[in-house]
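*Asks:* What follows is a structure written as structure tokens; I'll ask about it next.
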Amino acid sequence: MNDAKRPLIITSLSIVSILLMIVIYFVPIWWVALTAPNYPEAAFPDGVRINFHMNGVFNGCSLVVKDEINEEEALDCVHEMDTINHYVGMYPIAAGGPIERGFSPFLITLLIIMVIGFAISDPKKRRIFLIIAFAGNAVWMTMTIYKTDGIKYENEGYLYALMNQLDQDANDKTLGLDVKPMDSTKALKQLKASLAGKEYKEEVTDEQNAKSSKEDQQIDEKTRLIEELQSTYENDLSNGRVSEPWKGNAYQLMAWHYGKVLGRYFNNQDEIRPMVKKLRITTNVVYFGLLGAMLLLIIVGTRSKNNLMYWLMVLVPMALPVFFVIDYSAWLWWYGHTLNSMGAFAVKPFMPTVFGEGKVAQFATFSYPSIGFGLMMLNSIILAAIALMRRKESL
């Protein structure tokens, strides 16, 4: 390869890598489905299916349009799978990966900054870029996690996934909640439009327009989600389920939501409180750990192209598929080995299927990578090519 062309190729591949990571954040990475005789293929062509994204777990069931089936909206298969799993004592799906989902925008931004930093060959320019970029990421993260009303800096998909789980709670009369359920069909359409980069336009009648105030019309979906979350939280506050006034930051939201979903089916506070306390501690540890990692990359990773910290700026993003599988497997193990004794059926701890097909009781289970994981693998190949070209420069 011509040495004069190498910088241009590295820059071009780095841009492709950055674009891929942005897309990866918004598409499903892995999917899981359950099939059973009581879920016929005619009504459940894909089984009871859910999609794992970086920022949450979303419904994988599509609307079935057939003469013999009358559905106005797709079945919420996240709720359906939670209902199935709770019979054997498994906690709701939303209880998994709360830290990963909450910190996901800052983590993916960190990886993008690292790729750009690795592509900058000049140590001084790299140091300037990393200082500015990491400072911006740190400020964004700090404001989101700890600042009052900081959740407004979170992405809409993350907030939708949280609220969707609480809507399930809101529809559960046994929990004594008095919260107006969100229109899930509308929210789903808006989320799909948002992810596709399109503007969602709701069809309203003249009568509805007459009743709607200008202020209501100006509220976007993200604001509505935050208001729904606040309304649900303050309902818990008035009922004595929480004691801390609403602050609206991610630190409070993650802990409250985690405790709420843990107690959805098995409301044993003696078990839940220590788990929530551990989550709060972990949130602080991860926050300061990320700050420390960014500071270390600035101090050490900008000295030369031959130190470990510099190479970690490409090796860590390259290993993203490995990190995902490890994290995903660890949470599956947690689900299968943290079975609540209040479940209707007693089963021995087990390891759910990570990849491929399995069977639990009368259910067949399926667990496979989705488009996001394929893009992760493609991104790893691109980053490996960049690393090899940088390696040749140093020889």
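Laboratory data are not the source of any read-out in this text; all were calculated from the coordinates shown. Remember, predicted model here, so these are calculated numbers, not experimental data. Neighbour counts run over all protein chains shown; Cβ positions are idealised from the backbone, glycine included.
*Asks:* Full-extension gain between Leu388 and Ile326, please, as 0.36 nm times their residue separation minus the C-alpha to C-alpha distance.
*Replies:* Difference between extended and current length: 19.8 nm.
*Asks:* Exactly which chymotrypsin sites (Phe, Trp or Tyr not before Pro) in segment 354-383 are in a DSSP loop and have at most 14 other Cβ atoms within 10 Å?
*Replies:* For chymotrypsin sites (Phe, Trp or Tyr not before Pro) across segment 354-383 that sit outside H, G, I, E and B with at most 14 neighbouring Cβ atoms in 10 Å, the list reads Phe355.
*Asks:* Could you give the size of the charge dipole of segment 219-367 about its Cα centre, using +1 on the Cβ of each K and R and -1 on the Cβ of each D and E, expressed in debye and rounded to the nearest 20?
*Replies:* In debye, rounded to 20, segment 219-367 gives about 460.
*Asks:* Taking the Cβ of Thr144 as the centre, find all other residues whose Cβ is under 14 Å away and add up their charges (Lys, Arg: +1; Asp, Glu: -1).
*Replies:* +2
*Asks:* Separate question: May I ask which residue of Tyr153, Phe118, Asn38 lies farthest towards the positive end of the charge dipole of segment 23-159, with charges of +1 (Lys, Arg) and -1 (Asp, Glu) on Cβ and the Cα centre as origin?
*Replies:* Of Tyr153, Phe118, Asn38, it is Phe118.
*Asks:* Moving on. Can you find, among Ile386, Gln362, Ile299, the residue sitting farthest towards the positive end of the charge dipole of segment 260-395, where Lys and Arg contribute +1 and Asp and Glu -1 at Cβ?
*Replies:* Positive-end residue among those listed: Ile299.
*Asks:* While we're looking at this one, here's another question. Kindly state, to the nearest 0.05, the FRET efficiency for Ala319 paired with Asn268, given R0 = 35 Å and r defined as their beta-carbon distance.
*Replies:* Between Ala319 and Asn268 the formula returns 0.40.
*Asks:* So, by mean Cβ neighbours within 10 angstrom, what's the order for 36-43, 77-84, 17-24 with the highest one leading?
*Replies:* Top to bottom by mean Cβ count within 10 Å: 77-84, 17-24, 36-43.
*Asks:* What does the highest-first list of 109-115, 381-387 look like by mean Cβ count within 10 Å?
*Replies:* Order by mean packing, descending: 109-115, 381-387.
*Asks:* May I pose another question? Using a 7 Å offset from the Cα along the Cα-to-Cβ direction at both Ser243 and Ser121, what is the distance between the two label points in nm, to one decimal?
*Replies:* Between Ser243 and Ser121, the label points sit 6.1 nm apart.
*Asks:* Could I ask something else about it? What does the net charge come to around Phe103 if you take all other residues with beta carbon closer than 13 Å to its beta carbon, with K and R at +1 and D and E at -1?
*Replies:* -2
*Asks:* Show me, for segment 114-130, the HN-Hα J-couplings you get by feeding each phi into the Karplus relation (A = 6.51, B = -1.76, C = 1.60, θ = phi - 60°), rounded to Hz, glycine and proline as x.
*Replies:* Along segment 114-130, the couplings run 5, 5, 5, x, 5, 6, 7, 7, 6, x, 5, 5, 5, 4, 4, 4, 5 Hz.
*Asks:* A follow-up question, please. Divide, for segment 235-298, the radius of gyration over alpha carbons by 2.2 N^0.38 Å, where N is the residue count.
*Replies:* 1.37
*Asks:* Give me the net charge for the shell around Thr35: Cβ to Cβ below 11 angstrom, other residues only, Lys and Arg +1, Asp and Glu -1.
*Replies:* That sum, taken over residues with Cβ under 11 Å, equals -1.
*Asks:* Assuming R0 = 35 Å, what is the FRET efficiency of Ser12 and Tyr368, from their Cβ-Cβ distance, to the nearest 0.05?
*Replies:* E between Ser12 and Tyr368, to the nearest 0.05, is 0.65.
*Asks:* At 0.36 nm per residue, minus the direct Cα-Cα distance, what do Ile128 and His337 gain on full extension? Give it in nm, one decimal, please.
*Replies:* Going from the current span to full extension adds 70.6 nm.
*Asks:* Here is a follow-up. Run through every distinct alpha carbon pair of segment 285-395 and return the Kirkwood hydrodynamic radius in angstroms, one decimal place.
*Replies:* One decimal place: 17.6 Å for the Kirkwood radius.
*Asks:* Amide H of Val360 versus every other amide H placed in the peptide plane: which residues, excluding those fewer than 5 positions away on the same chain, fall under 5 Å?
*Replies:* For Val360, the qualifying residues are Thr365.
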